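Enquirer: Okay, here's the structure, questions in a sec.
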Amino acid sequence: MAFTKPVLSGLSHRSLGFLDTQNSLEAQHRLPARIKKDFNDALKLARKFNDEVLHPMHLETDRKVMEDNDYLPLDFIQKANDWGLYTLWIPKMYGGRGMNMLSLYTFMEELASVCVGLANLIGAHYLGVSVLCSSCNMKVTNRILRDVCRECESGNPCLISLAWTEPGAGTDQVEAPLLAKAKVRTQAEKVPGGYKVNGSKVFISAGHLSTWHMLICYEDIRKPDETMIMLAVRTGMKGFTFGHKEHKMGQKACVASELIFEDCFVPDENVCHSGDQVTDLNISAKGAALKIIGMFPAVTQPGVASLGAGVARAACEAAIGYAAKKRVGGMRLIDQEWVQLVLAEMYANVMTARAVYMEAAYAAGMRSMIRLLFDKVMFTLTLYTPEWMFTLFVAPFFTLEFVNRIYRKLNFEWTSADDERHMSGLGSMTKFSCTDLAVKNCALALDLMGADGTRHDIGAEKLLRDAKLLQIYEGTNEVNRLNLFSQHIAHTITPEVRVFEEGGRS
């Protein structure tokens, strides 16, 4: 049936554009060739870490948390620190070992192919690192990351968490168009020498295990989009306590914490971002806050997607191994055509998920807040400059206000609107597509295994429990679908389409 003219009357649209999907090709000449070696090195390291650490403990850790929700895998945290994993992807300029951050995605996929819960005890730390860096406050970022590196190198794991989600707000906080209406309650009141914070945060990954917490709060909870502030809170500060640990279905190894703030005083030196810091820039406090919300997911959502690809792969490998051994009526399952069709689909899902998150990874290296690290000149200088030279000669410049101002201008003013739109939509697409493929593969594996799939020692049911959680954090998959539509599709329609508005919801 053909559409009649009245149906389309008054509507027009532009082409979606071929360039939206060509980051991997563009990266061949824009990104340093050296990153291929870092990808391979990260992959080798992850496989060795899996063999020696994750494989022997992942099912036992899951069982321990099932039996005692207060159990924390401190032994894993210590082993990860002994391997240098909490400083490996911190830039050299901040005291870390400086492996390129794109290789972290490959590393996370490999770990998630064994246990996404334990993998997230590393991933959640770098989420905190990314949010701290997105504040564009080089002075505070340098001080905190150097503290992390010193502690870790002395044998004391020092993790960073992101304290954002609130009991009554949830996803509304992490999408720029929804922030104005979010029912936030964590308030930062300006007092002499700093801020006094009251409120609580929930579902904070690795909260009980972290030393630093990037706290997102608001000076006026009635205007969260105009008064957003980021504070660095250290465990042990007066007025800051840990609440309960969530009883989660999946990813049990990675504790989800409640953080409570009761007249918690945070000194001015720990203010990572506030509206006052951008008064001399050509951007409003609201504009800067929304920029931050838009910047870091472009780097962190491909990380969640890589976890999804890892789980999808684990489910595929488990199904193949099961089908190769299981016999029904004297015949191996894997010799039956219907099983081969299922396994082929699962394999295709893994390859699709990997291709999607790698496309976003390449884009992050060229268009996101970490793009300077992948400038060929900057990358080469960083690669061959010893860490001590950064500490001695570069770090002192981070204390100078004009250096911070230039860095803020670069990120808040000189990032093109097209790059922002591209990265925001691509991050959302990557996140929901890869995590949905993970859930799909887990469901197919359980269908194939039948009752055997529910056995904890086989691990397939754990994969599904872990995968479902991936669909929720860093914005629910439904909200990320709306954001993809908003950033990559809505702008092609005339007249303008309403997105994230009450009148547009059914």
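Only the coordinates and a few stated rules stand behind these numbers; no lab work does. On a predicted model such as this, the values are computed, not experimentally measured, just so you know. Don't worry about glycine lacking a Cβ; one is built from the backbone with ideal geometry, like all the others, and counts go over all protein chains shown.
Enquirer: Out of all Cα-Cα pairs in region 160-277, roughly what percent, to the nearest whole number, are more than 16 Å apart?
Expert: Summing the P(r) tail past 16 Å for region 160-277 gives 57 percent.
Enquirer: So if a site counts as exposed when it's one of the chymotrypsin sites (Phe, Trp or Tyr not before Pro), its DSSP state isn't H, G, I, E or B, and it has at most 16 other Cβ atoms within 10 Å, what's the longest stretch of the chain without one?
Expert: The longest such stretch corresponds to 84-413.
Enquirer: Once you put a point 7 Å from the Cα of residue 492 and another 7 Å from the Cα of residue 384, both along the Cβ direction, what distance in nm separates them?
Expert: With each label placed 7 Å out from Cα toward Cβ, I get 4.4 nm.
Enquirer: Total Lys pairs in region 160-277 closer than 21 Å by alpha-carbon, pairs eight or more apart in sequence or interchain only?
Expert: For region 160-277, qualifying lysine pairs total 15.
Enquirer: Given the Cα-Cα distance of residue 69 and residue 337 and 0.36 nm per residue of separation, how much length would full extension add, in nm?
Expert: Gain on extension, residue 69 to residue 337, equals 92.2 nm.
Enquirer: Moving on to the next point. Scale the Cα Rg of the chain by the rule-of-thumb value 2.2 N^0.38 Å and send over the ratio, two decimals.
Expert: Expressed relative to 2.2 N^0.38 Å, the Cα Rg reads 0.98.
Enquirer: I'd like the trypsin sites (Lys or Arg not before Pro) in region 273-318 restricted to DSSP loop residues with at most 13 other Cβ atoms within 10 Å, sorted by number.
Expert: none
Enquirer: Taking region 432-496, how much of its Cα-Cα pair set, in percent, is spaced more than 14 angstrom apart?
Expert: That tail contains 63 percent of the Cα-Cα pairs.
Enquirer: Counting Lys and Arg as +1 and Asp and Glu as -1, what is the net charge of the other residues whose Cβ lies under 15 Å from the Cβ of residue 405?
Expert: Residues close to residue 405 contribute a combined charge of -1.
Enquirer: Which net charge results for the neighbourhood of residue 238, defined as the other residues with beta-carbon distances under 10 angstrom from its beta-carbon, given Lys and Arg at +1 and Asp and Glu at -1?
Expert: Residues close to residue 238 contribute a combined charge of -2.
Enquirer: Just add up the charged neighbours of residue 284: K/R +1, D/E -1, any other residue whose Cβ is under 15 Å from the Cβ of residue 284.
Expert: With Lys, Arg at +1 and Asp, Glu at -1, the net is -2.
Enquirer: Let me ask something else. Which listed residue (289, 424, 84) has the Cα farthest towards the positive end of the charge dipole for the chain, taking +1 on Lys and Arg C-beta and -1 on Asp and Glu C-beta about the Cα centre?
Expert: Looking along the dipole axis, the top candidate is 424.
Enquirer: Which whole-number percent gives the relative contact order of region 160-253, counting Cα pairs below 8 Å spaced six or more residues apart?
Expert: 29 percent
Enquirer: Now, a different point. I need two numbers for region 350-469: Rg to one decimal and Dmax as a whole number, Cα atoms only, in Å.
Expert: According to the Cα coordinates of region 350-469, Rg and Dmax are 21.6, 64 Å.
Enquirer: Just need the relative contact order of region 329-424 here, percent rounded to a whole number, with Cα pairs under 8 Å and 6+ apart.
Expert: Normalised by residue count, the contact order of region 329-424 is 29 percent.
Enquirer: Residue farthest toward the positive end of the dipole of the chain, with Cβ of Lys/Arg at +1 and Asp/Glu at -1: which of 140, 233, 205?
Expert: Comparing the listed Cα positions along the dipole, 140 ranks first.
Enquirer: Is it possible to state the helix-based mean residue ellipticity at 222 nm for the chain, with each DSSP H run of 4+ residues giving -39500 (n - 2.57), the sum divided by total residues, to the nearest 500 deg cm²/dmol? What is it?
Expert: Helices in the chain give a 222 nm mean residue ellipticity of -15000 deg cm²/dmol.
Enquirer: I would also like to ask the following. Roughly how far apart, in whole Å, are the Cα centres of region 23-45 and region 235-307?
Expert: 30 Å
Enquirer: If contacts are Cα pairs under 8 angstrom and at least 6 residues apart, what is the relative contact order of the chain in percent?
Expert: Over the chain, the number comes to 19 percent.
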